[in-house]
Amino acid sequence: MVGQRIRLLREERKLSQAMLAEALLCSRMTINNYETGKRVPDMDFVLSAAAYFGVTMEYLSGRTEFRDKDDMEISIQRAEQLMDIAQKLPQGETQKLLFYFTKALEKAQETGLESATVTALSSCAVQLRRLMLAYDGVQKAMAAQTQELLLKNVSRSAVRAAAKDKTSAFSQSVYETAKALTASAELLGEEMKKRQEEELERLLG
């Protein structure tokens, strides 16, 4: 796992093995051996690599996904915020949501699809939030427009006709959100298909 994390962090920073080796005072072959699992790095190297990349030793060794203490504190704060919100939601559907959300993440871990699954779920959450913001914006704009037109003694039928422009714009937002949600599911499906093909090749030898 240490080698995999070193490669991930190196590639994120767009470093070659030679560049990382120079920074950590070792040979390029040493980095290559660690990344390919041919050798296991000693504690001194792990300490140096963790300090260089600004991550914890626990992250580098694969014992946690928290890269640093800030990551952990932010996640804990957001989990507490989620629980506070969940207590104020209709419990039947909320419990069902939390149950299937948890089961989806558990299965993702079992199948090695945690990264792709979290990305898909995150994308879905982003799109739903955008839809909520669009809804809120339309509601406020419609209320302001309605009040303005009524103060001008515009007929109610004319006000309703004017409001249709706002609802039409929101319908477009709903359509775009649905497309984005489908795209997120398709990306996850493509990753699953790729994993199936790789597994087949492994079984065939």
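The values are calculated or read from the model by the stated rules, or taken from the named source; none is laboratory data. For clarity, every value in this text was computed on a predicted model and none was experimentally measured. Don't worry about glycine lacking a Cβ; one is built from the backbone with ideal geometry, like all the others, and counts go over all protein chains shown.
When we screen S75, S61 for residues that are modelled with pLDDT under 90, in the same structural domain as L8 (by TED's automatic domain parsing) and surrounded by 12 or more Cβ atoms within 10 Å (Cβ to Cβ), the only hit is S61. Of the helices (runs of 4 or more DSSP H) lying entirely inside region 1-111, those carrying at least 3 residues that are hydrophobic (A, V, I, L, M, F, W, C) are 2-12, 17-23, 43-53, 69-86, 91-111. The test for being at pLDDT below 90 and in a helix (DSSP H, G or I) holds for T167. For region 108-125, the candidate set comprises residues that are in contact (Cβ under 8 Å) with a residue 24 or more places away in the chain and of a type in the set (V, I, T); within that set, the residue that is surrounded by the fewest Cβ atoms within 10 Å (Cβ to Cβ) is T111.
Scoring L105 on the criteria (1) exposed (fewer than 11 other Cβ atoms within 10 Å of the Cβ); (2) within 30 Å of L9 (Cα to Cα); (3) in the same structural domain as Q196 (by TED's automatic domain parsing); (4) not acidic (D, E) leaves a single failure, condition (1).
Between A23, A51, the distinction of being at pLDDT 90 or above, more than 23 Å from S115 (Cβ to Cβ), surrounded by 11 or more Cβ atoms within 10 Å (Cβ to Cβ) and within 27 Å of the chain's Cα centre (by Cα) belongs to A51 only.
Output yes when any residue across region 1-10 is surrounded by fewer than 16 Cβ atoms within 10 Å (Cβ to Cβ), among the basic types (K, R) and either modelled with pLDDT of 90 or more or not assigned by TED's automatic domain parsing to the domain that holds E198 (or both), and no when none is.
Of region 1-10, the ones surrounded by fewer than 16 Cβ atoms within 10 Å (Cβ to Cβ) are 1, 4, 8.
Those still in the list that are among the basic types (K, R) too: none.
Within region 1-10 (the criterion being surrounded by fewer than 16 Cβ atoms within 10 Å (Cβ to Cβ), among the basic types (K, R) and either modelled with pLDDT of 90 or more or not assigned by TED's automatic domain parsing to the domain that holds E198 (or both)), the answer is no, since none of the residues qualifies.
Remark: G92 matches the filter, which requires a residue to be surrounded by fewer than 11 Cβ atoms within 10 Å (Cβ to Cβ), out of contact with any Ser or Thr (no Cβ under 7 Å at 6 or more places or on another chain) and over 27 Å from L187 (Cβ atoms).
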